[in-house]
Amino acid sequence: MSYPDSKAAREADRARVVAVDTEVSELQERIRVLRMEQESCQRRLEAYKYPVLTLPNEITSEIFIHFLPPYPTCPQLRGLRSPTSLTHICRKWRDIALGTPKLWRAFSTAYRADQPEHIQAVQTWLERSGSCPLSVKLVLGNAPHDEALTAILLHRERWQHMELNLAANEVALIKGPMPLLQSLSLGVGDFEYTQPATTVDDFPRLRAVTLDDACHGNWLPISQLTSLTFDDVEPDNYLPLLQDAVNLVRLHLIDCDTDVLPPQCSVKLDRLETLVVVSTFSWDSGASQIFETFILPALRTLHVSGTFLGEDPRSIAPLLTRSRCKLQEVLVARECKFSETAFRAAFPSIPNIIFDGEYSWSARRHLRNAL
């Protein structure tokens, strides 16, 4: 493109350069003013204190504790309901969370050999929990012995609520005093295992125990227990223990065989107030022989699957007659071969009778809280 080479054209260009220079100066000044305004706003934002960040650290710490499931329920090591999520919000929250041992006193974890960071996470939680009593759910199953169990065993004097699902070769590792232990749930992945090298004196505060089908509890202080749960345990294993359970207040028989008990067997539990006999499976069954075997003078609450009642609404009558108890509540779970009306007519003196089809399926979930 060519421009006319004339005096007038050159004068016009000179004038335009001056105008553009003036506009540039004005824009630069405008930018300077805007930058000053931006810096001023930023200073005000940095000086602003969000209300939640103005709380005393002690209050924030208490809020954090209530953010978790109530103790001794065990949150996962990671996830939205884990205290680790609180450390990702800001530096102040991270410092408060790491300085609150109660946030790290309970955790649930399942060991996987392909996750080496698992060991470090367990050790980190144990360190952060300080001297707090511990509630731990550790699932190892048939996995080989691993460092997670070793790390937790080093803190056994702080154990308060423990749920352990172990391989057979790991059970014997449980040894030594556990002065704070109140509840223990033990599952073993194999019937062939060596019992722990413990004595009853190692569990001075133990009151609630859950044992699965492969566990034998003769190494536990049965006489001091107030709550006992057997999960898929044969009568030959649970009946001898019950003979010694003189202080038992709650007994749960989950998926246990109660139809074929030894003849002339009699189990008297003078302090038992709650008996739960439920099945998570469906089968046709006659009336449970538990009702002809147990003598429970203090019984107030009976939870039972309909499958254990047979066809006669008066199938629990032998239990009431032998025990001479004042039963206050009966909850019948799942299928039943007779109606609630027939049951109420058979036992008009029982004030609270509930036919609830959901109880047996949720029984396992409620057992830990019931302890």
Counting only residues in region 299-325 that are part of a loop (DSSP other than H, G, I, E, B) and among the small types (Gly, Ala, Ser), the one modelled with the lowest pLDDT is identified as Gly310
Going residue by residue through region 334-343, is there one that turns out to be at pLDDT 85 or above, of a type in the set (D, E, K, R) and part of a helix (DSSP H, G or I)? yes
(1) at pLDDT below 85; (2) surrounded by 14 or more Cβ atoms within 10 Å (Cβ to Cβ); (3) part of a loop (DSSP other than H, G, I, E, B); (4) of a type outside the set (S, T, N, Q): which one isn't true of Pro144, the others all being true? (2)
Lone qualifier among Leu164, Leu220 - being in a loop (DSSP other than H, G, I, E, B), touching a strand residue (DSSP E or B) at 6+ places or on another chain (Cβ under 7 Å) and either crowded, with 17+ Cβ neighbours inside 10 Å or not small (Gly, Ala, Ser) (or both): Leu220
For region 172-185, give me each residue that is crowded, with 21+ Cβ neighbours inside 10 Å, without any contact (Cβ under 8 Å) to a residue 60 or more places away in the chain and not in a loop (DSSP other than H, G, I, E, B). Leu184
Can you find even one residue in region 273-291 that is under 24 Å from Leu206 (Cβ atoms), touching a strand residue (DSSP E or B) at 6+ places or on another chain (Cβ under 6 Å), in a loop (DSSP other than H, G, I, E, B) and not aromatic (Phe, Trp, Tyr)? no
Report the residue count in region 87-97 for those that are crowded, with 16+ Cβ neighbours inside 10 Å and either within 18 Å of the chain's Cα centre (by Cα) or closer than 25 Å to His155 by Cα (or both). 3
Suppose the filter is among the charged types (D, E, K, R) and not in a loop (DSSP other than H, G, I, E, B); does Asp213 pass it? no
Would you say Asn169 is among the polar types (S, T, N, Q) and either touching a residue at least 60 places away in the same chain (Cβ under 8 Å) or farther than 23 Å from Ala298 by Cβ (or both)? yes
Selection count where residues are modelled with pLDDT of 80 or more and touching a Lys or Arg at 6+ places or on another chain (Cβ under 9 Å), scope region 274-290: 5
Tell me yes or no: at least one residue of region 270-282 is surrounded by fewer than 21 Cβ atoms within 10 Å (Cβ to Cβ), without any contact (Cβ under 8 Å) to a residue 24 or more places away in the chain and out of contact with any Asp or Glu (no Cβ under 7 Å at 6 or more places or on another chain). no
Given (1) modelled with pLDDT of 90 or more; (2) on the phi > 0 side of the Ramachandran plot, number of the condition Lys268 does not satisfy: (2)
Go through (1) at pLDDT 80 or above; (2) in a loop (DSSP other than H, G, I, E, B); (3) not small (Gly, Ala, Ser) one by one and return the number of the condition Arg112 breaks. (1)
Quick check: is even one residue across region 95-105 modelled with pLDDT of 95 or more, in contact with a Gly (Cβ under 6 Å, 6 or more places away or on another chain), under 20 Å from Cys132 (Cα atoms) and not basic (Lys, Arg)? yes
Hey, any hits in region 57-68 for a residue that's under 27 Å from the mean Cα position of the chain (by Cα), of a type outside the set (Lys, Arg) and outside any helix (DSSP H, G or I)? yes
Read through the list (1) closer than 21 Å to Arg156 by Cβ; (2) surrounded by fewer than 16 Cβ atoms within 10 Å (Cβ to Cβ); (3) in contact with a strand residue (DSSP E or B) (Cβ under 7 Å, 6 or more places away or on another chain); (4) not aliphatic (A, V, I, L, M), then give the number of the only condition that Pro133 fails. (2)
Please verify whether Val233 is buried (at least 17 other Cβ atoms within 10 Å of the Cβ), part of a strand (DSSP E or B) and among the β-branched types (Val, Ile, Thr), treating the condition exactly as stated. no
So which residues in region 187-210 are outside any loop (DSSP other than H, G, I, E, B), modelled with pLDDT under 90 and hydrophobic (A, V, I, L, M, F, W, C)? Val188, Val200
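The values are calculated or read from the model by the stated rules, or taken from the named source; none is laboratory data. Remember, predicted model here, so these are calculated numbers, not experimental data. Heads up, the Cβs are rebuilt from the backbone with ideal geometry, glycines too, and the neighbour counts pull from every protein chain shown.
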